[in-house]
Amino acid sequence: MKVLVTGASGYLGGRLCRGLLEKGHSVRALVRRTSDLSALPSSSTDGDFELAYGDVTDYRSLLDAFSGCSIIFHAAALVEPWLPDPSKFFLVNVGGLKNVLQAAREQTIQKIIYTSSFFALGPTDGHVADESQAHPEKVFCSEYERSKAMADKIALQAAADGVPIVVVYPGVIYGPGKLSTGNIVAQLLIERFQGRLPGYIGNGNDRFSFSHVDDVVQGHIAAMDKGQLGERFLLTGENASFMHVFNIAAIITETSKPRFNIPLWVIKAYGWLLVFFCRLTGKLPLISPPTVYVLSRQWAYSCEKAKAELDYNPRSLQEGLKEVLPWLKSLGVIKY
């Protein structure tokens, strides 16, 4: 069976391509001419893997890329905490999904696995949410969150209209692979071990659902094999704070835990400073004011439905970080 992966050169997309190949599928990877292909298999050495050049914002390129494919994994997204031009979030995350859905109708695709985000369901302050939660749409911490919530409504309407789609919602994805903005856990660990983040972020009241990238990949593949059309699955994991992440990292590396907490207002001021430098240099900031708004909320979710229906089996944070930290050390970006 030939499957196509949008966003194939990205952090999740690259791992998804490899996971599909390992399962014996023929994979076509949608990439842009300017994409970094270093995380992808070589099409010249693997006969079951090929590249298709295009962009989710270019409808005609999608029609060509989808030709001959049975399954579409739509993993392409613009994942940044902040951009100077927020309209790009909606061009890619909303407009791109609309193009994928229309191209799939034209090419009579059997199934679409759409990678949404926990942000699309909204914050969970004080409780653990499941797939039934709908974003209240009163306040958005970032334009990325707003774009994913808008796209989620489009995907659910498409499902109601009979489009063969399954929606999956990963948590905070972490693990080996690309050191992109989407791999925020790895990025913050680098900041921590290189001394640029000497304390905990905030007071530890934040709560996120952490998903190892390879668990998310297997969840996507299971959604293709077992997911009923129109269903939604949270591919999340252990709910914990970034304070817990740093504590586990200290235990694994046998290094000292941070000795103090950095107030969120200090992080926010630092974020504004990075935004200022971004406007001068063009380098996107790792931390920005929307990051602080996200950290001030809770994002805890249950993946029981995926466990029951997809045999999803997420690993614990400790198991995942025992893999991530040696990987970062092997890259030379942290020392311990």
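Annotations
- Among the protein heavy atoms of the chain, carbon and sulfur supply 50% of the accessible surface, probe 1.4 Å, non-protein parts ignored.
- Straight-distance candidates among the aspartates and glutamates for linking to Lys322, with alpha-carbon spacing under 17 Å and chain neighbours fewer than 8 residues away dropped: Asp214, Asp215, Glu238, Glu254.
- Distance-filtered residues of region 283-312 - backbone nitrogen under 14 Å, label point 7 angstrom along Asp130 Cα→Cβ: 301-310
- Rounded to the nearest 10 square angstrom, Cys69 shows an accessible area of 10 square angstrom against a 1.4 Å probe.
- On a per residue basis, the convex hull of the C-alpha atoms belonging to region 76-186 measures out at 126 Å³.
- Only helices enter this figure: runs of n ≥ 4 DSSP H residues, each worth -39500 (n - 2.57), summed and divided by the residues of the chain, yield -12500 deg cm²/dmol at 222 nm to the nearest 500.
- Its Cα gyration tensor gives region 122-214 an equivalent ellipsoid; the semi-axes, largest first and in whole Å, are 30, 17, 12.
- Computed from Cα atoms, the angle from the helix 11-22 axis to the main principal axis of the chain rounds to 50 degrees.
- Among 126-139, 224-237, the peptide with the highest mean count of other Cβ atoms within 10 Å heads the list, and the full ranking is 224-237, 126-139.
- Once the Cβ-Cβ distance of Met1 and Arg259 is raised to the sixth power relative to R0 = 51 Å, the FRET efficiency obtained is 0.40.
- According to the calculation over all Cα-Cα pairs in region 1-155, the P(r) per 10 Å bin from zero is 11, 39, 33, 15, 2, 0 %.
- Taking a ≥ b ≥ c as the square roots of the eigenvalues of the Cα gyration tensor, region 115-272 is prolate, since a/c reaches 1.5 or more and a/b is larger than b/c.
- With the convex hull constructed from alpha-carbon coordinates only, region 51-109 shows a mean projected area of 4.2 nm² over all directions.
- Whole-Hz Karplus values for region 319-330 come out as 4, x, 5, 5, 8, 5, 5, x, 5, 5, 5, 5 Hz, taken residue by residue from phi with 6.51 cos²θ - 1.76 cosθ + 1.60 and θ = phi - 60°; glycine and proline positions read x.
- For region 204-293: rounded, prolate or oblate by the Cα gyration tensor [a/c cutoff 1.5]: oblate
- Residue of Ser38, Ser180, Ser147 that the Gaussian network model of the chain assigns the largest fluctuation, springs spanning Cα pairs under 10 Å: Ser38
- The rule of thumb for compact globular proteins, 2.2 N^0.38 Å, goes into the C-alpha radius of gyration of region 235-334 1.35 times.
- Shown here for region 249-336: GluC sites (Glu not before Pro) in loop regions (DSSP other than H, G, I, E, B) with at most 10 other Cβ atoms within 10 Å, namely Glu254.
- Distance from region 88-116 to region 265-329 (C-alpha centre basis), Å: 25 Å
- Whole-percent pair-distance distribution, where bins are 10 Å wide, for the alpha carbons of the chain: 6, 26, 36, 24, 8, 1
The values are calculated or read from the model by the stated rules, or taken from the named source; none is laboratory data. Everything quoted here is computed from the prediction, not taken from an experiment. For neighbour counting, all protein chains shown are included, and Cβ atoms are generated from backbone atoms with ideal geometry for every residue, glycine included. All accessible areas refer to the heavy atoms of the entire protein, side chains included, with ligands and DNA or RNA removed. Shrake-Rupley method; radii C 1.70, N 1.55, O 1.52, S 1.80 Å.
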